[in-house]
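Novice: This is the structure, below, for whatever I ask next.
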Amino acid sequence: MIYLKHYNKKNGFAKISNIGDADIQLTEFGIINLQKDKEYSSDTGKFETALIVLGGNCEIYGKKFKFSITDGRKNVFYGKPYTVYIPAGMTYTIKAATDLEIAWTASPSTLKSEPYMISPSQVKEVHIGKENYQRDAYLILTDELPAEHLFIGEAFVPSGNHASYPPHRHDFDNLPLEVDMEEIYFFRFNPEQGYGIQKIYTDDKSIDVTCTVKQNDTTLIPRGYHPVINAPGYTMYYLWIMAGQNHRKFLSVIDPEHKWIAAK
């Protein structure tokens with residue numbers, strides 16, 4: 001089973017992961033790169049789609065909707081993102097006003113909704129952890145907004161720190177403690193030659209994977225605990241995309257072996 005995907009930047013749309021990869025059931029992921037004044041058009045089909053602007057300005061429009069982004073961030077290390085949600089069954093066009101990079105994610109959906117844009121002012125910033133497992137997170141598309149499966153955010157990990165730590169999982173629907181949500185991480189580093197270590201493991205060790213993650217890498221997390229470690233000297237960024245079949249909640253259970261750390 002392959003849990004790590006590599007991506008080399010190219011113009012246009014690049015599909016990075018499909019449903020079925022590494023037992024992922026609800027999430028597809030890719031990157032859209034457009035040069036200034038170029039366009040990309042597509043159809044959401046049977047999928048709800050979220051477009052997270054990693055950097056640049058653009059218009060995103062379709063029948064009866066149009067969103068203009070004129071003050072987008074330079075790249076992921078320069079502020080909060082704009083995000084556009086488009087429900088299933090709609091066509092859309094992206095027109096780049098500057099060089100543009102967008103993270104694309106889609107999940108099978110029957111939700112009847114209108115397209116909407118999440119502006120940076122709507123993105124909630126939270127600080128998570130302490131000591132050397134601190135990170136800042138942006139909560140973007142949460143359960144406060146319409147979607148059938150998607151729950152999306154970004155994390156920024158300081159030099160040498162751990163994240164998604166103490167190790168946690170969200171494998172079972174057991175409210176109010178835990179929800180069953182698969183997840184995808186997409187990584188960037190500043191400076192870009194940075195790297196980190198990702199571990200994915202389950203209680204029964206049916207999954208027990210450790211891999212090196214570098215610029216533009218994606219990890220697929222169908223289940224299990226999934227801590228990451230950032231190399232000293234670098235800032236690690238990762239876009240996290242969760243998808244739940246029955247619930248969309250920011251709930252998880254800590255690995256019992258390491259739970260004592262959170263209680264310190």
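Novice: Return the sequence-ordered ³J(HN,Hα) values of the range 41-49 in whole Hz as given by the Karplus equation 6.51 cos²θ - 1.76 cosθ + 1.60 applied to θ = phi - 60°, using x for Gly and Pro.
Specialist: For the range 41-49, the Karplus curve yields 10, 7, 10, 6, x, 9, 10, 6, 10 Hz.
Novice: Now, a different point. Collect residues whose amide H, placed 1.01 Å from N in the peptide plane, falls under 5 Å from the amide H of residue 82; neighbours closer than 5 in sequence don't count.
Specialist: Sorted by chain and number, the residues that satisfy this are 53, 73.
Novice: Rounded to the nearest 20 Debye, what is the dipole magnitude of the chain about its Cα centre when Lys and Arg each give +1 and Asp and Glu each give -1 at the C-beta?
Specialist: Result for the chain is approximately 700 debye, rounded to the nearest 20.
Novice: In addition: Taking 0.36 nm per intervening residue step and subtracting the Cα-Cα distance, what contour gain separates residue 134 from residue 77 on full extension? Walk me through the intermediate numbers first.
Specialist: Working: separation 57, 0.36 × 57 = 20.52 nm, distance 1.69 nm.
Result for the pair: 18.8 nm of gain on full extension.
Novice: Can you pull out the chymotrypsin sites (Phe, Trp or Tyr not before Pro) in the range 1-91 whose DSSP state is coil and whose Cβ has at most 14 other Cβ atoms within 10 Å?
Specialist: Here the chymotrypsin sites (Phe, Trp or Tyr not before Pro) that fit, given the DSSP loop and packing criteria, are 77, 78.
Novice: May I pose another question? With springs connecting C-alpha atoms under 10 Å apart, model the chain as a Gaussian network and identify which of 37, 23, 136 has the largest mean-square fluctuation.
Specialist: The residue that fluctuates most here is 37.
Novice: Okay, next question. What residues have an amide H closer than 5 Å to that of residue 38, excluding those fewer than 5 places away on the same chain, when H is modeled at 1.01 Å from N in the peptide plane?
Specialist: Distant-sequence amide H within range of residue 38: 96.
Novice: Which order do 2, 52, 24, 184 fall in if you start with the one that has the fewest other Cβ atoms within 10 Å?
Specialist: 2, 24, 52, 184
Novice: Also: Taking a cut-off of 16 Å between Cα atoms, list the aspartates and glutamates near residue 38, but don't count ones fewer than 8 places away on the same chain.
Specialist: Correct list for residue 38: 59, 99, 101.
Novice: If you keep only loop residues by DSSP, which trypsin sites (Lys or Arg not before Pro) in the range 117-177 have at most 13 other Cβ atoms within 10 Å of their Cβ?
Specialist: Passing both the DSSP loop test and the Cβ count: 130.
Novice: Let me ask something else about it. Show me, for the range 190-195, the HN-Hα J-couplings you get by feeding each phi into the Karplus relation (A = 6.51, B = -1.76, C = 1.60, θ = phi - 60°), rounded to Hz, glycine and proline as x.
Specialist: 10, x, 6, 7, x, 7
Novice: Using a Förster distance of 51 angstrom, determine the FRET efficiency expected from the C-beta separation of residue 65 and residue 260, and round it to 0.05.
Specialist: FRET efficiency, residue 65 to residue 260: 0.55.
Novice: Still on this structure, please answer the following. List the residues, sorted by chain then number, that are 5 or more residues from residue 213 or on another chain and whose placed amide H is less than 5 Å from its amide H.
Specialist: 196, 197, 198
Novice: Based on the alpha-carbon gyration tensor of the chain and its eigenvalue square roots a ≥ b ≥ c, which shape applies: rounded if a/c is under 1.5, prolate if not and a/b is larger than b/c, or oblate?
Specialist: On the way: a/c = 1.71, a/b = 1.38, b/c = 1.24.
Because a/c hits 1.5 or more and a/b exceeds b/c, the chain counts as prolate.
Novice: If you don't mind, another one. What's the longest piece of the chain with no exposed GluC sites (Glu not before Pro), counting a site as exposed if DSSP puts it in a loop and it has at most 11 other beta carbons within 10 Å?
Specialist: For GluC sites (Glu not before Pro) (loop position, at most 11 other Cβ atoms within 10 Å), the longest site-free span of the chain is 1-130.
Novice: Checking the a/c ratio against 1.5 first, then a/b against b/c, what shape does the Cα gyration tensor give for the range 2-143?
Specialist: Working: a/c = 1.34, a/b = 1.14, b/c = 1.17.
Because its axes are fairly even, with a/c under 1.5, the range 2-143 counts as rounded.
Novice: Just name one of 138, 251, 56: the one whose Cα is farthest towards the positive end of the charge dipole of the range 4-262 (beta-carbon charges, Lys/Arg +1, Asp/Glu -1).
Specialist: Of 138, 251, 56, it is 56.
Novice: Answer rounded, prolate or oblate for the range 218-262, using the Cα gyration tensor with square roots of eigenvalues a ≥ b ≥ c: rounded when a/c is under 1.5, else prolate when a/b is larger than b/c, else oblate.
Specialist: It comes out oblate by the Cα gyration axes.
Novice: For each pair in 10/95; 130/259; 9/46, compute the distance between the two Cα atoms and list the pairs where it is over 19 Å. All intermediate terms of the calculation are to be shown ahead of the outcome.
Specialist: Values: 10/95 17 Å; 130/259 14 Å; 9/46 27 Å.
Distance filter (> 19 Å) returns 9/46.
Novice: Between residue 127 and residue 11, with labels modelled 7 Å along Cα→Cβ, what's the label distance in nm to one decimal, could you check?
Specialist: 4.4
Novice: Turning to a different aspect of this structure: Within the range 239-256, whose backbone N sits under 13 Å from a point 7 Å along Cα→Cβ of residue 25?
Specialist: 243-247
Novice: Across the range 8-16, in residue order, what do the Karplus-derived ³J(HN,Hα) couplings come to in whole Hz, using 6.51 cos²θ - 1.76 cosθ + 1.60 with θ = phi - 60° and x for Gly and Pro?
Specialist: Here the 3J(HN,Hα) series is 10, 4, 8, 6, x, 9, 10, 7, 9 Hz.
FYI, it's all coordinate maths here, none of it is from the lab. Here the structure is a predicted model, which is why all the values come from computation and not from measurement. Because the Cβ atoms are built from the backbone with ideal geometry, glycine has one as well, and the counts that use them run over all protein chains shown.
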